[in-house]
1. With respect to the numbered conditions (1) surrounded by 19 or more Cβ atoms within 10 Å (Cβ to Cβ); (2) under 17 Å from Leu24 (Cα atoms), which one is the sole condition not fulfilled by Val137?
2. Hey, which of the helices (runs of 4 or more DSSP H) in segment 26-128, taking only ones fully inside, have at least 1 residues that are more than 21 Å from Ile217 (Cβ to Cβ) and modelled with pLDDT of 60 or more?
3. Has segment 240-251 got any residue that is within 29 Å of Ser64 (Cα to Cα), surrounded by fewer than 20 Cβ atoms within 10 Å (Cβ to Cβ) and at pLDDT 85 or above?
4. Tell me, yes or no, whether segment 214-227 has at least one residue that is farther than 16 Å from Gly42 by Cβ, of a type outside the set (Ser, Thr, Tyr) and in contact (Cβ under 8 Å) with a residue 12 or more places away in the chain.
5. Report yes if some residue within segment 188-201 is in contact with an Asp or Glu (Cβ under 8 Å, 6 or more places away or on another chain) and under 21 Å from Glu82 (Cα atoms); otherwise report no.
6. Conditions first: (1) farther than 21 Å from Ile178 by Cα; (2) modelled with pLDDT under 90; (3) crowded, with 19+ Cβ neighbours inside 10 Å. Val18 passes all but one, so which condition is the exception?
7. Would you pick out the residues in segment 178-208 that are surrounded by fewer than 20 Cβ atoms within 10 Å (Cβ to Cβ) and closer than 25 Å to Val37 by Cβ?
8. Does any residue of segment 167-180 turn out to be closer than 21 Å to Asn58 by Cβ and at pLDDT below 80?
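The values are calculated or read from the model by the stated rules, or taken from the named source; none is laboratory data. Just so it is clear, the structure is predicted and the values come from calculations on it, not from any experiment. Heads up, the Cβs are rebuilt from the backbone with ideal geometry, glycines too, and the neighbour counts pull from every protein chain shown.
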Amino acid sequence: MIITYILVTTISSGLIAVCMANWLTYNVFSKYLHYMVSSSVGVFLSVSFLHLLPEAFNNLSEHSDNLLLAMLVSIVCFFILEKISLIRHNHHYEGDGHGHVHGHDRYDAGKGGVVILIGSSLHNFSDGVLIAASFIVSPSLGVLTALSIITHEVPHKLCDFVVLRNAGLDRRRIFCMILASSFCSSIGGLFGYFVLQHIEQITPYVLVVAASSFIYISISDLIPRMNEQEYPTEHIPQLVFVILGIFITYAITSFSHNHLGQCNCFVSI
């Protein structure tokens, strides 16, 4: 039953993220993106501090110092990976300052688009592993982790759309390419399920890495984006959507415990 949850969740989360990113590429809808950023902060932080980390420490309480070390190493590694990504991004996509794309720029953008799709596929694979680890612990935690990944993936896939459009690809082809890369999360989910079933002792570490990634994304990326809003009238809506993200997490937790827990009881019977 768990493997069914993993497959359904990874496939549906990828499809939802790609469809929402495609929807936001239309200018009339792009103005709502900053509301998603605010709600993502609430979802990320509540899932990390109220669910992922407690589950990890409960499962491996006698080695809590090792889990904290894994958390520290994870955050430092995310920082290094982000710096490498920024350097490569600046190298490939420095504009010419005229607001249009020349032939050689489009060729470079095309090469960069391939790199982006490869990187996105690997990232989706790792997301699938995180979802599998969460479902192995509990179905409710798996649903919460998938929700967090969706809220994070939408802005990333939106950037992929923009870069690939800049490379001269049509919208339908871009949608199919990004959707195909999203299905790598299902492969990662299957891999994580079969590996973690046999090496259960590393599951708490996978949960810590997941929590570390959500916390790092919130602090280094999402909150600075929120602080870019200069108008005081935007501050209250930001706070409201952060609280909404926390409430959504709580609501999904309650629903998952009541319904998914009953499903597990029926399966065990």
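1. Going through (1) surrounded by 19 or more Cβ atoms within 10 Å (Cβ to Cβ); (2) under 17 Å from Leu24 (Cα atoms) one by one, Val137 breaks only (2).
2. The helices (runs of 4 or more DSSP H) meeting that bar are 27-30, 53-59, 64-93.
3. yes
4. Within segment 214-227, not a single residue is farther than 16 Å from Gly42 by Cβ, of a type outside the set (Ser, Thr, Tyr) and in contact (Cβ under 8 Å) with a residue 12 or more places away in the chain.
5. Scanning segment 188-201 turns up no residue that is in contact with an Asp or Glu (Cβ under 8 Å, 6 or more places away or on another chain) and under 21 Å from Glu82 (Cα atoms).
6. (1)
7. Across segment 178-208, the qualifying residue is only Leu179.
8. Within segment 167-180, not a single residue is closer than 21 Å to Asn58 by Cβ and at pLDDT below 80.
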